[in-house]
Amino acid sequence: MLKRFVVKKSEQGALFRDADFERLLPAGRHHFFDPLDRLSLTTWPLGAPMTDTALADYLLQQQPASATAHLEVMELNEDEAGLRYENDVLVEVLPPGSRRFFWKGRVRHRLQRVDLKDAYVVAPALATHLAQPALRERAIVGLTGLLLVQVPAYHCAVLRVDGKVARLLPPDRHAFWRFNREIQVELVDARWQTMEVSGQEILSRDKVGLRVNLAATWRFSDVLLAFEKLAKPAEHLYRELQFGLRAAVGTRLLDELLDNRQLIDELVGAHVRRKFDGFGVEIGSVGVKDIVLPGEMKAILAKVVEAAKAAEANVIRRREETAATRSLLNTAKVMEDNPTALRLKELETLERVAERIDRISVFGGLEQVLHGLVSLRSA
């Protein structure tokens, strides 16, 4: 019986006899005499991945010339990564030990090998192409094998390779191979930062419970040194601010703390600067934002302040009354020895009296008004 097989121009065909590979068939019509129906045809689209790795291995071992003519073979060892291109467009990142087979034909395949033995930094040009994979028309497969990092302005980043600090990354776009090693990047803000220590319940020396809120400014002066000596510099700074605040408040009386808050700032600041000397951290200002007293202590202090202010007001009032009396006495002495001054005082009194009168009826002439209405002399 005659059997006919058709292989399209966009396909690669393979002839099988009893499900065992016989030979490759090019595009066209093929006729075979098969009275026992033992022949079959399998086709794959040209340019598509060859998923039958067993057949690919057979061709490479038994028919190397045919494999070279029809297959694009991509094999990587354990210390290599690969960049697979189709028509010069990156489509896949291959991990170490990968094997890919593609039928030659409609698509141009190309493999770029990357040695991973000593290099873990991705080339800047390639990092630029990988920066925005979601905006590409065709997504890149296998990006989990790379670590893409964008370090913003006024920041830096600590690069760790296999748990060891390697170097400091400046503001820019960076990419690293994650194959065969562990890559970690920690962003660090290089600007001045604020640390808030809020709601600290502390007993003063005279057993008064206080709630103190503290604020401090700090920054990294040497990032690598700070991360070399401290696992988490920010958390370490927070704890030292707590310890310094408790030491400053717990050893002093309430009146001393309320009279001089700057003392707390100086003590806590000196404590923290001493602890972080040589650790790559610079401490700026340290200050107490507020001291919150218990409700009953607020009432007691309010009464104390009220009593103090009342006593101060009494003292001021007595002082002013004494000064006024002394002034009147001096005025009386001047008028006693000077008739003209006495007359001027009479006229001033007359003026004040006239301001409160709407109408004045004068009898006896103006002289009577001037000399008879107001007289400060005794009879």
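The values are calculated or read from the model by the stated rules, or taken from the named source; none is laboratory data. Because the structure is a prediction, the values reported are computed rather than measured. We place every Cβ from the backbone using ideal geometry, glycine too, and count neighbours over all the protein chains shown.
Can you find even one residue in the stretch 74-97 that is closer than 22 Å to residue 15 by Cβ and of a type in the set (Phe, Trp, Tyr)? Taking every residue of the stretch 74-97 in turn, none turns out to be closer than 22 Å to residue 15 by Cβ and of a type in the set (Phe, Trp, Tyr). In this structure, does residue 201 turn out to be over 30 Å from residue 241 (Cβ atoms), of a type in the set (Asp, Glu) and more than 19 Å from the chain's Cα centre (by Cα)? Judged against the criteria, residue 201 is not a match. Being of a type outside the set (Ser, Thr, Tyr) and exposed (fewer than 15 other Cβ atoms within 10 Å of the Cβ) is the filter here, so list the residues in the stretch 1-21 that pass it. Scanning the stretch 1-21 gives 1, 2, 4, 6, 8, 9, 17, 18, 19, 20.
Taken together, the residues in the stretch 6-41 that are out of contact with any strand residue (DSSP E or B) (no Cβ under 6 Å at 6 or more places or on another chain) and among the acidic types (Asp, Glu) amount to 3. Looking at the structure I just gave you, is residue 206 more than 30 Å from residue 125 (Cα to Cα) and either surrounded by 14 or more Cβ atoms within 10 Å (Cβ to Cβ) or free of Cβ contacts under 8 Å to residues at least 40 places away in the same chain (or both)? Answer is no for this residue. The residues in the stretch 65-103 that are small (Gly, Ala, Ser), under 20 Å from residue 178 (Cβ atoms) and not in a loop (DSSP other than H, G, I, E, B) can be counted, and the count is 2. Can you tell me which residue in the stretch 85-123 is farthest from residue 45 (Cα to Cα), limited to those that are free of Cβ contacts under 8 Å to residues at least 24 places away in the same chain and out of contact with any strand residue (DSSP E or B) (no Cβ under 8 Å at 6 or more places or on another chain)? So the residue we want is 118. For residue 22, the test of being more than 60 Å from the chain's Cα centre (by Cα), closer than 19 Å to residue 71 by Cβ and among the charged types (D, E, K, R) is passed.
Quick grid of which residues meet (1) surrounded by fewer than 15 Cβ atoms within 10 Å (Cβ to Cβ); (2) farther than 20 Å from residue 191 by Cα:
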| position | (1), (2) |
| --- | --- |
| 212 | no, yes |
| 218 | no, no |
| 227 | no, no |
| 250 | yes, yes |
| 268 | no, yes |
| 271 | no, yes |
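Of the helices (runs of 4 or more DSSP H) entirely within the stretch 209-326, those holding at least 1 residues that are at pLDDT 90 or above and of a type in the set (A, V, I, L, M, F, W, C) occupy 223-229, 233-250, 261-275. Every listed requirement among (1) crowded, with 16+ Cβ neighbours inside 10 Å; (2) under 30 Å from residue 23 (Cβ atoms) is met by residue 99 save one, (1). The set of residues from the stretch 308-347 being among the charged types (D, E, K, R), surrounded by 11 or more Cβ atoms within 10 Å (Cβ to Cβ) and without any contact (Cβ under 8 Å) to a residue 12 or more places away in the chain comprises just one member, 343. Put simply, of 107, 141, 93 the only residue that is of a type in the set (A, V, I, L, M) and touching a helix residue (DSSP H, G or I) at 6+ places or on another chain (Cβ under 7 Å) is 93. Which residues, counting only those in the stretch 139-161, are of a type in the set (A, V, I, L, M, F, W, C), farther than 28 Å from residue 223 by Cα and touching a residue at least 12 places away in the same chain (Cβ under 8 Å)? Matches in the stretch 139-161: 140, 141, 143.
Please find, among 136, 173, 181, the residue that is surrounded by fewer than 16 Cβ atoms within 10 Å (Cβ to Cβ), outside the structural domain of residue 289 (by TED's automatic domain parsing) and farther than 23 Å from residue 223 by Cβ.
136
I need a count of the residues in the stretch 102-127 that are among the basic types (Lys, Arg) and either within 29 Å of residue 149 (Cα to Cα) or crowded, with 19+ Cβ neighbours inside 10 Å (or both). Selection size over the stretch 102-127: 3.
Let me confirm something: among 88, 79, which residue is at positive phi, among the charged types (D, E, K, R) and out of contact with any helix residue (DSSP H, G or I) (no Cβ under 8 Å at 6 or more places or on another chain)? None of the other options fit; the residue is 88.
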